[in-house]
Amino acid sequence: MQAAECTWTHFEMLRPLCFKSPSTTPLFFNFSKHFQKGFSDSSFFRSNRRISNYPSFMATISSLSTHKDPVSTHDATPNITHQPVQVAKRLEKFKTTIFTQMSMLAIKHGAINLGQGFPNFDGPDFVKEAAIQAIKDGKNQYARGYGVPDFNNAIAARFKKDTGLVIDPEKEVTVTSGCTEAIAATMLGLINPGDEVILFAPFYDSYEATLSMAGAKVKCITLRPPDFAVPIDELKSTISKNTRAILINTPHNPTGKMFTREELNTIASLCIENDVLVFTDEVYDKLAFEMDHISMASLPGMYERTVTMNSLGKTFSLTGWKIGWAIAPPHLAWGVRQAHSFLTFATSTPMQYAATVALQAPDSYFAELKRDYMAKKAILVQGLKDVGFKVFPSSGTYFVVVDHTPFGLENDIAFCEYLIKEVGVVAIPTSVFYLNPDDGKNLVRFTFCKDEETLRSAVERMKEKLKKK
Amino acid sequence: MEGKLSSVAKNFTPSSIQELSQLAQKCNAINLAEGFPDFPAPPCIKEAAVSAINNDFNQYRRVQGICDQLALTMKKTHGLNVNPLTDIAICCGQSEAFAAAIFSIINQGDEVLLFDPCYETYEGCITLAGGIPVYVALEPPQWTLDPEKLMRSFTSRTKAIVLNSPHNPTGKVFSRDELEIIAEGCRRWDCVAITDEVYEYITYDNQKHETIAKLPGMQERTIITSSLSKTFSVTGWRIGWAIAPASAASAIQNIHIRITDSAPAPFQEAALTALRSPIEYFETLRGEYELKRDFCMKLLGSIGFRIQFKPQGSLFLFSELPKDCLLSDVEYVEELIKQAGVVVVPGRGFFHGNESCNYQKRYIRVAFCKSGAILNAAAQKFGELINAKACPKILY
């Protein structure tokens, strides 16, 4: 069949992506070196990347093994001194995620895991039953690549309810394997190598990895305690006509900050002025406690330049189902869909049917969700304050960030290590969420997406064993 | 705003296979185009998934048991020693395993060899990662591999070769000799073989699928990708894997975590049940598909096709149009929809050569992974046309 749907053929830029003769523009400068065979990756990364200075205990933990040092159980195979499968240079520095490392350490020490952000309780029965029914009804084959039609419709309906915006489910909604894939597909579909993208630190760790895969040039603006407000002057001096996109996560992981209307308006006007795209990660939008969640796409002039991403996992406590989506105007949705089709091709079919039911949940479901989480938050926040942490206000998500320095450990990683081994509780060191780890060395992140008993036990352990210096 | 699209995205066009499926749905045509079954998945595997959902296996997870089972299978079937703790990454389908494999080893400018014709998605992945696809044409009608042509295609920039066997769309199963030739190229040029073995259990006439990884010097330079989808008729579950030397497997796992984070948790649990299926399951699968293959060949024969290459594996029959037929593949497919209410895929989408080969517009691909009822319905439609001697455009 003809490639009839491609409507951009008149653009001069339509030529196969070719890296044999790197462009001479300055934007490509950082990458032309990257093309040379034998180029050492360390200097490339040092020039515009954070310094990777994880202490040794993390480096020794294998991502795939429950042992500290993976033991080869191979039978006698020819001695291989030369490793022919050489990992791509762009990704050599991305090792195991901090979450996996911490979880494994938690198991080893029998620690209570308030680190990784998934619940230890399960999703609602009505959603699980819908998935089971779909499996039994034989909905087990490939779904349409960009989403099961009913699900796309449900996403559009939900978006209208939440933002007032009317969108076309056929052209403007793309279903992905979780919001993680929505982010990857958005970056790979809409970002050219060398494009500037602005990130706010601290940031969820997959953002940087996928921007690296897209070959983007990352410009980072750090949000600082106590309120993690957007430094407007710094933003104004960072954003320019060279900026391709800005990524906003609200409600924000790890700080729990929610971008205010004023902040979003300011960012919006700068984006319009400089013709910048906005990618928003709004997976915690239903866990908005201290203020209403605002979608950037709903601000005047912003829908046409925004990709709004979300997922099922956090709202319905089904993080392992991997159902997410991206909402964008057709010319942007197109790019997201293309990349998506080469990343995973299609998303889990029975779960999409269940997600359709989930998104149509009555208001009472969301009200109860909020109530439950607010109760959990109260237990944790009060507990952390009693223990002696400096607790920063968290308006949304199920995370809270605290200053651990009253306990006298030299940095966040040392503190987390101590917390697991000596106290039996897991938190996440936030330095991994910054380009410059020093920015996070005083902060650690706790989660309260655990049942109340677990939260209370964790607080008890800390009260008992964590002493101020 | 169109200028905001990356140049990579602008080059991509919708999946022609998916478009045809949508047309078929609109016309209510019999779908022999897209390669997924229309019969149910095995009940015990569905039960396992239901059970997993009920037992709260619904949060992020990575089920190590899948790796353990795969390692056992690799040893038993191919004699390969695979470390389940370090050599296997679980992904959202073979699609993601392949994408992650490409991203894990392809640097900007690396060349990747592909056999032509081939599944349309490989090229997109490679291009997305900044790689350059280079095609090596298999020669019709038997889709033979020319060793010299292959060797000439390797350059100092070649990083990898993609090997899909059993093969979509032709149904070819690469022979041991052919695997040796490819292996020789990989060893000589220090390249990686990335395999797509999703049809590994679907071979015919006592043909056995062999993985190139078992050849001398190959395990250390091969990334095997496969999935549950075709073996267990659960293409919508998105459970696949990559098996590779530890450094590559680790990179693939880490990339997978950044692309999707986790394969759907309840289906990982169900995969344990699936992968432990008794040998009878696989024998029955093969036997049933072989019957469908034979039926499909007769079907096409009845409307004038002369099948020159009998599928040795996969779910597809790839045949040239009858000599007397003057239509192109696309024209023929349209006629088939209109006159017979049956949809197949025009072959041109699988060819990528620079050579202006006429044959590239003369093939159609028929998927026979369909229930007996559907295949019979197609036969009936053809029968009606033959009896009525109607439609010279599709009868020869």
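What follows is calculated from the coordinates using simple rules that are stated; it is not laboratory data. Just so it is clear, the model here is predicted, and its values are computed rather than measured. Ideal geometry is used to build each Cβ from the backbone, glycine not excepted, and the neighbour counts take in all protein chains shown.
Computed values, structure above
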quantity: Charge sum, other residues only, whose C-beta stays under 15 Å from A:I132's C-beta, Lys/Arg counted +1 and Asp/Glu -1; calculated: -3
quantity: Set of lysines with alpha-carbon distance to A:K257 below 17 Å, sequence-local pairs under 8 removed; calculated: A:K286, A:K314, A:K370, A:K377, A:K390
quantity: Share, in percent, of DSSP beta bridges within the protein assembly as shown that are antiparallel, nearest 5; calculated: 45 percent
quantity: Check: the protein assembly as shown dipole with +1 on Lys, Arg Cβ and -1 on Asp, Glu Cβ, in debye; calculated: 780 debye
quantity: In degrees, nearest ten, helix B:279-302 long axis to first principal axis of chain B (Cα); calculated: 30 degrees
quantity: Gaussian network model of chain B, springs between alpha carbon atoms under 10 Å - residue of B:P278, B:P216, B:P141 with greatest fluctuation; calculated: B:P278
quantity: Residue order, fewest to most beta carbons within 10 Å, for B:C296, A:C220; calculated: A:C220, B:C296
quantity: The range B:43-277, Cα convex hull volume normalised per residue, Å³; calculated: 114 Å³
quantity: Rounded to whole Hz, the Karplus (6.51, -1.76, 1.60) HN-Hα couplings of the range A:218-229, x for glycine and proline; calculated: 8, 10, 10, 10, 8, 8, 10, x, x, 10, 6, 6
quantity: Reachable lysines from B:K230, criterion Cα separation under 23 angstrom, eight or more residues apart if same chain; calculated: A:K136, A:K139, A:K322, B:K46, B:K75, B:K76, B:K172, B:K208, B:K214, B:K292, B:K310, B:K370
quantity: Mean separation of Cα contacts under 8 Å (6+ apart) over length of the range B:43-277, as relative contact order %; calculated: 32 percent
quantity: Size of charge dipole - chain B - debye, nearest 20, with Cβ of Lys, Arg +1 and Asp, Glu -1, no other charges; calculated: 340 debye
quantity: Net charge dipole size for the range B:43-277 [Lys, Arg +1 and Asp, Glu -1 on Cβ; Debye, nearest 20]; calculated: 440 debye
quantity: Under 20 Å from the Cα of A:K441 - aspartates and glutamates, other chains or at least 8 residues apart; calculated: A:D205, A:E208, A:D227, A:D403, A:E410, A:D412, A:E417, A:E422
quantity: Charge dipole (the range A:125-360, unit charges on Cβ, about Cα centre) - positive-most of A:F279, A:P226, A:S298; calculated: A:F279
quantity: Degrees between helix B:246-259 axis and first principal axis of chain B (Cα, 0 to 90, nearest 10); calculated: 70 degrees
quantity: Highest-MSF residue in chain B out of B:V345, B:V198, B:V330 [GNM, Cα springs under 10 Å]; calculated: B:V330
quantity: For A:D412, B:D196, order by how many other beta-carbon atoms lie within 10 Å, fewest first; calculated: A:D412, B:D196
quantity: Footprinting exposure proxy for A:V307, B:V82, A:V230 (fewest neighbouring C-beta atoms within 10 Å first); calculated: A:V230, B:V82, A:V307
quantity: Residues with amide H under 5 Å from that of B:A193, placed H, sequence gap 5 or more; calculated: B:I161, B:T222, B:I223
quantity: Amide H within-cut-off set for A:F279, under 5 Å, with H built and near neighbours excluded; calculated: A:I246, A:L247, A:I248, A:V307
quantity: Computed over the range A:125-360: relative contact order in percent, which uses C-alpha pairs under 8 Å that are six or more apart; calculated: 32 percent
quantity: Debye intensity ratio in log₁₀ form over the Cα atoms of the range A:125-360, taken at each q of 0.10, 0.15 Å⁻¹; calculated: -0.43, -0.98
quantity: Other-chain or far-sequence residues with amide H under 5 Å of B:T144's (modelled H); calculated: B:E139
quantity: Karplus-derived HN-Hα couplings along the range A:116-127 (A = 6.51, B = -1.76, C = 1.60, θ = phi - 60°), whole Hz, x at Gly and Pro; calculated: 5, x, 10, x, 9, 10, 9, x, x, 4, 5, 7
quantity: Distance between the range A:231-257 and the range A:370-407 - C-alpha centres, whole angstrom; calculated: 25 Å
quantity: Hull shadow area, averaged, the protein assembly as shown [alpha-carbon convex hull, nm²]; calculated: 33.7 nm²
quantity: Between the range B:169-223 and the range A:117-159, the alpha-carbon center distance in angstrom; calculated: 37 Å
quantity: Inter-chain shielding of A:177-186 (mean C-beta neighbours from other protein chains, 10 Å cut-off); calculated: 5
quantity: From phi via Karplus (6.51, -1.76, 1.60), per-residue ³J(HN,Hα) for the range A:132-145 in Hz, x at Gly/Pro; calculated: 4, 4, 4, 4, 5, 6, x, 8, 10, 9, 3, 7, 3, x
quantity: Highest-MSF residue in chain B out of B:D38, B:D329, B:D110 [GNM, Cα springs under 10 Å]; calculated: B:D38
quantity: Cβ-derived FRET efficiency at R0 41 Å, B:T284 paired with B:L23, nearest 0.05; calculated: 0.80
quantity: Exercise: per-residue mean of other protein chain Cβ atoms within 10 Å, A:189-201; calculated: 2
